[in-house]
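Only the coordinates and a few stated rules stand behind these numbers; no lab work does. Model, not experiment: these values are computed from the prediction. Glycine also receives a Cβ, built like all others from the backbone with ideal geometry; neighbour counts cover every protein chain displayed.
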Amino acid sequence: MKRRVLFLETTLLVGGAERVMSDVLQRLDRDRFEPVLCTLKEPGILAEPLIEEGLRCYAGMYRHRYDARAGYRVHGILKRERPDAVFFNFGSMNALLGGWPAVFAGVPRVVAAFHTTHRWDRPALTWYDRLFLKHLDAIVAVGEAQARYLIEEEGLSSEKLAVIHNGIDTHRFRPDCALPSDLAARRARGRRLVGLVAALRPEKAHGVFLEAAATVARQLPDVDFVLVGDGPERERIEAEVARLGLQDRVRLLGTRSDLSAIYAALDVVALSSFPIVETFSIAILEAMACQKPVVCTDVGSLREMVVDGETGRLVPHSDPSAFADGLLDLLSDGVRAAEMGRTARRRVLDRFSVERMVRGYENLLDPAPAEAALTSVG
């Protein structure tokens with residue numbers, strides 16, 4: 001008999017955790033599982049194609065800021081669907097309005113995934129979160145370093161933790177994609193490109209990247225820079241570009257759906273995040289799958305995917321000079337950088353494919369193999 005799994009999320013807009021959930025929803029073995037989606041707000045752009053393909057979806061459980069009946073609506077769906085398991089990406093709203101109703105409804109298996117380490121302005125977990133987490137059957141960490149943090153700093157039980165690395169669709173993200181027309185034109189003019197793909201939020205530290213870009217621009221006049229993504233920091237980032245005199249060297253592309261094509265146009269992909277929130281970057285996995293060398297700050301669990309000197313460079317966080325050195329190192333030796341890119345794709349194929357990730361979630365959601373899949377980290 002198929003196991004019915006209710007996936008709960010605030011909304012499936014573009015984001016790393018949301019993309020992981022949409023990948024699992026799309027690829028879950030339909031001979032073993034019957035997935036159902038429940039979103040507290042609108043379904044979101046990542047859910048739309050899944051719904052068109054027949055995924056059953058309940059949306060709009062949380063209708064305004066002080067909607068006290070949202071949890072009651074979720075409870076009603078749980079009674080109607082009677083799922084064998086509930087899975088959600090951990091967050092206070094998801095826990096309060098989805099996790100607790102699942103626990104109170106007696107769902108046989110309740111599982112949550114963590115996609116952050118710290119939060120921006122406080123520790124990852126409050127006392128209320130810890131109280132709730134005691135009632136879960138399993139907790140997913142997306143990296144070994146993150147799992148150790150959750151055990152050692154946040155006090156979670158190692159017996160409940162399972163490490164399932166994020167995975168990438170290596171058929172979609174591959175090195176032979178056609179270039180987008182806007183970036184192809186720059187390449188045709190002999191420009192090399194360094195890109196950063198991330199939401200324009202404070203924790204992504206775009207200022208560090210731009211300071212490093214200014215250093216690189218002074219030494220390599222043929223290198224331009226692109227920022228892909230949007231968010232609340234856009235005006236501040238535009239002002240920083242102007243302050244550094246980089247208006248002719250930096251392009252803000254906004255949110256794009258043609259990411260595999262964008263990666264194909266880049267010589268190096270960068271990530272400058274602070275050691276807060278960043279855990280296991282989907283964007284860096286995508287770039288590696290597209291055979292691109294990367295320069296990343298050594299934060300979260302990034303060193304589990306990036307091997308310094310083999311697939312790219314890991315540099316200290318909050319250090320524009322070190323970041324610039326990492327970029328210059330790769331840009332100064334195209335042959336070595338290309339070999340790093342090839343090694344990066346092989347590493348993704350071996351360790352971080354979407355198929356491997358989905359198998360991990362299937363084993364966790366199906367109780368018999370799930371017990372064997374739980375990983376103690378210490």
* Would you tally the net charge around Thr10, using a Cβ to Cβ cut-off of less than 15 Å, leaving Thr10 out, and scoring K and R as +1, D and E as -1? => +1
* Ranked list, fewest to most other Cβ atoms within 10 Å of each Cβ, for Arg243, Arg32 -> Arg243, Arg32
* To do: Treating the angle as unsigned and between 0 and 90°, give the value, to the nearest 10°, between the Cα long axis of helix 70-81 and the longest Cα principal axis of the chain.
  => 70 degrees
* Can you list the lysines whose alpha carbon sits under 20 Å from that of Lys134, skipping same-chain ones fewer than 8 residues off? -> Lys160
* Hey, fewest Cβ within 10 Å first, where do Tyr361, Tyr72 land in order? -> Tyr72, Tyr361
* When the chain is treated as a GNM, springs tying every alpha-carbon pair under 10 Å, which of Val24, Val14, Val315 comes out with the largest mean-square fluctuation? -> Val14
* Structure fact -> Candidate cut points under trypsin sites (Lys or Arg not before Pro) in the range 178-219, DSSP loop plus at most 13 other Cβ atoms within 10 Å of their own Cβ, are Arg189
* Asked: Relative to the longest principal Cα axis of the chain, at what angle does helix 354-365 sit, 0 to 90 degrees, rounded to 10?
  -> 20 degrees
* To do: Quick one: what are the phi-derived ³J(HN,Hα) couplings along the range 94-101, Karplus 6.51/-1.76/1.60 with θ = phi - 60°, whole Hz, x for glycine and proline?
  => 4, 5, 5, 9, x, x, 4, x
* Quick one: grab the alpha carbon gyration tensor of the range 181-351, order the square roots of its eigenvalues as a ≥ b ≥ c, and give me rounded if a/c is under 1.5, else prolate or oblate depending on whether a/b is larger than b/c. => rounded
* Specify the residue with the greatest mean-square fluctuation among Asn166, Asn89, Asn363, computed from a Gaussian network of the chain linking alpha-carbon atoms under 10 Å apart. => Asn363
* To do: Collect residues whose amide H, placed 1.01 Å from N in the peptide plane, falls under 5 Å from the amide H of Arg3; neighbours closer than 5 in sequence don't count.
  => Phe33, Glu34
* Can you figure out the FRET efficiency of Arg82 with Arg346, using R₀ = 45 Å and their beta-carbon distance, to the nearest 0.05? => 0.55
* To do: Can you put Trp127, Trp100 in order of Cβ neighbours within 10 angstrom, beginning with the fewest?
  => Trp127, Trp100
* To do: Could you list which residues have their amide H under 5 Å from that of His115, counting only those 5 or more apart in sequence or on another chain, with H placed in the peptide plane?
  => Phe90
* Report the residue, chosen from Pro202, Pro293, Pro35, that carries the largest GNM mean-square fluctuation when the chain is represented by alpha-carbon nodes joined by springs under 10 Å. => Pro202
* Go ahead and run the numbers for FRET between Ala185 and Arg65, Cβ-Cβ distance against an R0 of 51 Å, rounding to 0.05. => 0.70
* Classify the chain as rounded, prolate or oblate, taking a ≥ b ≥ c as the square roots of the eigenvalues of its Cα gyration tensor: rounded when a/c is under 1.5, otherwise prolate if a/b is larger than b/c and oblate if not. => prolate
